[in-house]
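A short write-up of the structure that comes next.
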Amino acid sequence: MGGIINRIIHNRYNLKSAAGGRILKAGDLSIVVEFGNEISEALNDKVGKLYNAIKKNRPIGISETVPSFRSLLVYYDPLLITFNKLIEVLNRLIEHSNDNIISTNKRVLNIPVFYGGAFGEDMPFVSNHTGLSQEEIVELHTSREYLIYMLGFLPGFAYLGGMDERLITPRLKNPRVSIPQGSVGIGGEQTGIYPISSPGGWQLIGRSPIKPYDPARLEPFLFKAGEYIKFYSVSESEYRDIENDVSYNMFVCKEEVHCGHSN
Amino acid sequence: MGIRINAVGPACTIQDCGRHGYMDYGFQVSGAMDEKSLAIANSLVGNSQDMAGIEITIGGLSATFTSDAVIAITGADIKPELNKMPIPMYRAIYVKKDDVLECKFAKVGCRSYLAFNQGLALKKIMGSLSTNIKCKIGGYLGRPLKANDLLFFNSTTPNIKNIDKHSINLSISFKNPVNIRVILGPQDDYFTESGINTFFTSTYQLTKDSDRMGIKLDGPVVESKNGVDIISDGMPLGGVQIPSSGMPIIMMSDRQTTGGYAKIATVISTDVQKLAQLRPNDSIRFENICLEKAHKIYLNEKKYLMKVSKLWKQ
């Protein structure tokens with residue numbers, strides 16, 4: 001027993017860097033760089049900076065990473081990089097990524113949504129619950145730029161932050177067996193878009209004709225962690241036109257890039 | 001030409017070593033559960049170790065060849081027969097057009113691998129032939145194989161000459177409970193001393209809910225300090241998450257990329273392959289090892305596979 005506890009104490013390494021954070025062991029082929037224990041844009045920004053620094057610099061021995069709200073899972077090959085060297089490289093990347101202005105560029109992807117009707121069958125429920133009209137719901141939902149904290153749960157499923165509190169609506173009591181691809185919904189404090197059809201319990205308020213994930217595309221995924229999404233409202237006929245363009249891989253989402261520091 | 005499936009068990013899919021490079025987009029890796037057995041099968045037929053083969057779960061495959069081929073079967077012993085005559089596991093076999101391969105059900109072990117010298121003529125999706133059933137992509141039409149499926153090889157004749165020496169003396173065998181080595185963390189600090197003690201001193205049994213996504217265990221409850229919910233983070237291969245029931249789940253090839261339960265420990269990669277060969281009612285015990293030792297084991301494993309890959313170089 002003493003041996004086990006002893007190892008627990010020695011299981012953590014504090015990163016020597018301004019960004020703070022600590023290293024958690026995760027088996028023989030991965031480690032977790034954890035920057036804190038809360039959901040905040042500031043912590044997520046640190047994750048994003050390290051994630052992008054690794055993507056850009058491609059250090060030998062690091063194969064891939066998984067960014068999440070407040071930590072980065074780093075897969076590595078111990079034949080190519082020792083554990084100590086890995087920690088050294090990560091420390092250097094964290095320090096370097098902090099004074100790199102370019103990495104603070106903010107990409108906002110504009111996503112068309114047809115709100116209500118047959119595609120947003122829970123709109124009446126959300127309207128009832130929030131006391132807002134459909135127009136007000138659409139107005140609030142399209143007014144914000146949502147940060148993509150992470151992708152997970154489904155391929156290309158974005159965990160978005162920053163929804164207007166007036167839109168908070170509890171999930172369905174009985175989740176649906178199948179929610180169509182592109183559905184836009186609200187689940188508690190979160191909002192998001194279903195990249196593939198899937199079971200789910202979110203309140204559906206609309207649908208987007210775009211495909212966040214399409215394995216046939218050269219770039220299968222439209223957005224990545226650390227970027228932003230802004231929804232805009234389209235009519236049913238506009239929806240059909242975009243849907244048609246998407247089927248020929250001819251539709252490109254409008255995007256804005258804001259340079260410099262995001263805050 | 002290639003191979004026509006006559007009959008098959010429920011979970012038989014085409015797998016290579018996985019669809020890497022998309023985990024940051026929330027995309028599962030998939031790939032052979034027992035990568036080592038697939039690698040050896042590939043080496044036996046003269047392929048590079050990362051080529052796609054058929055992952056057969058518990059056996060039961062029957063198939064007819066529609067052209068000559070060189071094949072090898074590794075992993076769980078499924079007593080293969082060619083035209084009703086027994087053929088050995090872990091040996092390259094020359095099969096002729098119209099030959100019929102029939103496999104029994106495995107008595108020990110869970111997964112077997114069938115590799116073809118000519119490879120499978122299928123389109124790689126996002127860099128891999130691995131079947132991802134959830135996303136309906138990869139392998140054969142993105143689904144498990146079923147009767148009457150026709151798989152094509154890349155060429156009609158095998159591209160290998162002398163295969164007499166292409167055999168290796170191996171088999172899948174183990175005694176319950178199987179020792180599974182782990183490294184503590186990432187969230188071992190969510191558990192009480194007594195919970196960690198329970199985890200390392202108890203025997204856990206595989207339940208029938210185990211699959212390519214996760215191995216669900218039954219045994220003594222692992223006690224947490226204040227619940228097991230964490231802010232969702234990345235899910236390593238072999239991560240042992242403890243949901244609120246206190247029953248460990250080990251995350252395997254088809255795991256989600258992220259998860260919201262604390263992970264008490266992570267199974268080392270070499271022992272993930274061992275887990276791939278266990279089936280419901282088999283049992284395991286967890287052993288805590290240090291990272292240095294785990295890396296030595298990994299190095300030896302890689303050296304061994306490297307040696308195997310050179311055994312029959314022509």
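Things to note:
- Test: residue B:36 is of a type outside the set (Ser, Thr, Tyr) and surrounded by fewer than 21 Cβ atoms within 10 Å (Cβ to Cβ): no
- The one condition in (1) facing another protein chain (nearest Cβ under 8 Å); (2) within 17 Å of the chain's Cα centre (by Cα); (3) not acidic (Asp, Glu) that residue B:295 fails to fulfil: (2)
- Restricting segment B:103-145 to residues that are assigned to a strand (DSSP E or B) and out of contact with any Gly (no Cβ under 9 Å at 6 or more places or on another chain), the residue that is surrounded by the most Cβ atoms within 10 Å (Cβ to Cβ): B:137
- The number of residues in segment B:169-209 being part of a loop (DSSP other than H, G, I, E, B), within 30 Å of residue B:133 (Cβ to Cβ) and within 14 Å of chain A (Cβ to nearest Cβ) comes to 2.
- Exactly one residue out of A:109, A:80, A:140 is crowded, with 18+ Cβ neighbours inside 10 Å and at pLDDT 95 or above, and it is A:109.
- Only a single item in (1) within 11 Å of chain B (Cβ to nearest Cβ); (2) in a loop (DSSP other than H, G, I, E, B); (3) surrounded by 15 or more Cβ atoms within 10 Å (Cβ to Cβ) is not met by residue A:54, and it is number (2).
- Residue B:233 satisfies every condition listed in (1) charged (D, E, K, R); (2) surrounded by 22 or more Cβ atoms within 10 Å (Cβ to Cβ); (3) assigned to a loop (DSSP other than H, G, I, E, B) except (3).
- Failed item in (1) within 8 Å of another protein chain (Cβ to nearest Cβ); (2) surrounded by fewer than 21 Cβ atoms within 10 Å (Cβ to Cβ), with residue B:274 passing the rest: (1)
- Of everything in segment A:140-168 that is of a type in the set (Val, Ile, Thr) and more than 17 Å from the chain's Cα centre (by Cα), the residue that is nearest to residue B:255 (Cα to Cα) is A:168.
- Given (1) within 14 Å of chain B (Cβ to nearest Cβ); (2) closer than 17 Å to residue A:203 by Cβ, index of the condition residue A:122 fails: (1)
- Residue match in segment B:210-230 (condition: within 10 Å of chain A (Cβ to nearest Cβ), surrounded by fewer than 22 Cβ atoms within 10 Å (Cβ to Cβ) and either without any contact (Cβ under 8 Å) to a residue 40 or more places away in the chain or assigned to a loop (DSSP other than H, G, I, E, B) (or both)): no
- Residues of segment B:240-257 that turn out to be more than 21 Å from residue B:135 (Cβ to Cβ) and in contact with a strand residue (DSSP E or B) (Cβ under 7 Å, 6 or more places away or on another chain), as a count: 8
- Taken over segment B:145-169, the criterion of being among the polar types (S, T, N, Q) and more than 18 Å from residue B:95 (Cβ to Cβ) is satisfied by B:148, B:169.
- Residue satisfying all of: in segment B:39-81; of a type in the set (Gly, Ala, Ser) and assigned to a strand (DSSP E or B); farthest from residue B:98 (Cα to Cα) among these: B:75
- Among residues of segment A:60-89 that are facing chain B (nearest Cβ under 8 Å) and part of a loop (DSSP other than H, G, I, E, B), those with a Cβ under 8 angstrom from a residue that is surrounded by fewer than 21 Cβ atoms within 10 Å (Cβ to Cβ) and of a type in the set (Lys, Arg), sequence gap 6+ or separate chain, pair up as A:79/B:302.
- Flag if residue B:106 is under 19 Å from the mean Cα position of the chain (by Cα), of a type in the set (Gly, Ala, Ser) and more than 30 Å from residue A:157 (Cβ to Cβ): yes
- Which listed residue is modelled with pLDDT of 95 or more and within 14 Å of chain A (Cβ to nearest Cβ), from B:53, B:18, B:46: B:18
- Segment B:126-139 residues that are within 12 Å of chain A (Cβ to nearest Cβ), paired with ones that are of a type in the set (Val, Ile, Thr) and surrounded by 23 or more Cβ atoms within 10 Å (Cβ to Cβ) (beta carbon under 7 Å, 6 or more apart): B:138/B:131
- Screening the candidates B:203, B:192, B:207, B:257 for the property of being under 26 Å from residue B:10 (Cβ atoms), surrounded by fewer than 17 Cβ atoms within 10 Å (Cβ to Cβ), at pLDDT 95 or above and not acidic (Asp, Glu) yields one hit, B:207.
- Hits in segment B:73-116 (condition: of a type in the set (A, V, I, L, M) and within 22 Å of residue B:272 (Cβ to Cβ)): B:73, B:76, B:78, B:89, B:106, B:108, B:114, B:115
- Residues (farther than 18 Å from residue B:200 by Cβ and touching a residue at least 24 places away in the same chain (Cβ under 8 Å)) located in segment B:273-295: B:273, B:276, B:277, B:278, B:279, B:280, B:281, B:282
- Screening segment A:140-157 for residues that are within 17 Å of residue A:205 (Cα to Cα) and not in a loop (DSSP other than H, G, I, E, B) and picking the one that is nearest to the other protein chains (Cβ to nearest Cβ) gives A:146.
- For segment B:21-43, the set of residues classified as hydroxyl-bearing (Ser, Thr, Tyr) and more than 14 Å from every other protein chain (Cβ to nearest Cβ) consists of B:37, B:43, listed by residue number.
- When the residues of segment A:189-221 are filtered to those that are within 14 Å of chain B (Cβ to nearest Cβ) and in a strand (DSSP E or B), the one that is nearest to residue A:235 (Cα to Cα) is A:193.
- A residue that is within 14 Å of another protein chain (Cβ to nearest Cβ) and not in a helix (DSSP H, G or I) occurs nowhere in segment B:161-168.
- Flag if residue B:246 is assigned by TED's automatic domain parsing to the domain that holds residue B:184, assigned to a strand (DSSP E or B) and either small (Gly, Ala, Ser) or crowded, with 17+ Cβ neighbours inside 10 Å (or both): no
The values are calculated or read from the model by the stated rules, or taken from the named source; none is laboratory data. Because the structure is a prediction, the values reported are computed rather than measured. Cβ: placed from backbone, ideal geometry, glycine included. Neighbour counts: every protein chain shown.
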